[in-house]
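Data first, discussion second: the structure below is written as structure tokens.
The values are calculated or read from the model by the stated rules, or taken from the named source; none is laboratory data. This one's a predicted model, so the numbers in the text were calculated from it and none came from an experiment. Every residue, glycine as well, gets a Cβ built from its backbone with ideal geometry; the counts of neighbours run over all protein chains shown.
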Amino acid sequence: MSSTLLDEALKVIVSQQLLVNMVSKRVRQLTAGHRPMIVTGPRMGFSDIALTEIIEGKLKYEAAPVPTVPGGATGG
């Protein structure tokens, strides 16, 4: 994994934990046979592909909605 790609991806996804989770999930997908969404080079590993997809805006995330309690949270 290239540290340059990691630094660039952290500019897009500022949370390190979220970035690690996104790359990990995408690497599993690529390993399972999913096609890259970018043009790849001969020496690019799966993590490099995932980071480049994030940098180029091809791979994004959507935050899960916060569940609400019917009737409000009254704690009592």
(request) Report yes if some residue within the stretch 15-32 is in contact with a Lys or Arg (Cβ under 7 Å, 6 or more places away or on another chain) and either under 16 Å from residue 2 (Cβ atoms) or at pLDDT 95 or above (or both); otherwise report no. (result) no
(request) Just give me the residues in the stretch 1-57 being charged (D, E, K, R) and either exposed (fewer than 12 other Cβ atoms within 10 Å of the Cβ) or part of a helix (DSSP H, G or I) (or both), in sequence order. (result) 7, 8, 11, 25, 26, 28, 35, 43, 48, 53
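Sort out which residues of the stretch 1-23 are among the β-branched types (Val, Ile, Thr) and in contact with a Ser or Thr (Cβ under 9 Å, 6 or more places away or on another chain), and write them in order of number.
If the condition is that a residue be among the β-branched types (Val, Ile, Thr) and in contact with a Ser or Thr (Cβ under 9 Å, 6 or more places away or on another chain), then 23 is the only one that fits.
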(message) Could you list, ordered by first residue, the pairs with Cβ atoms under 8 Å in which the first is in the stretch 33-62 and in contact (Cβ under 8 Å) with a residue 12 or more places away in the chain and the second is among the β-branched types (Val, Ile, Thr) and exposed (fewer than 10 other Cβ atoms within 10 Å of the Cβ), at least 6 apart or interchain?
(response) 46/31
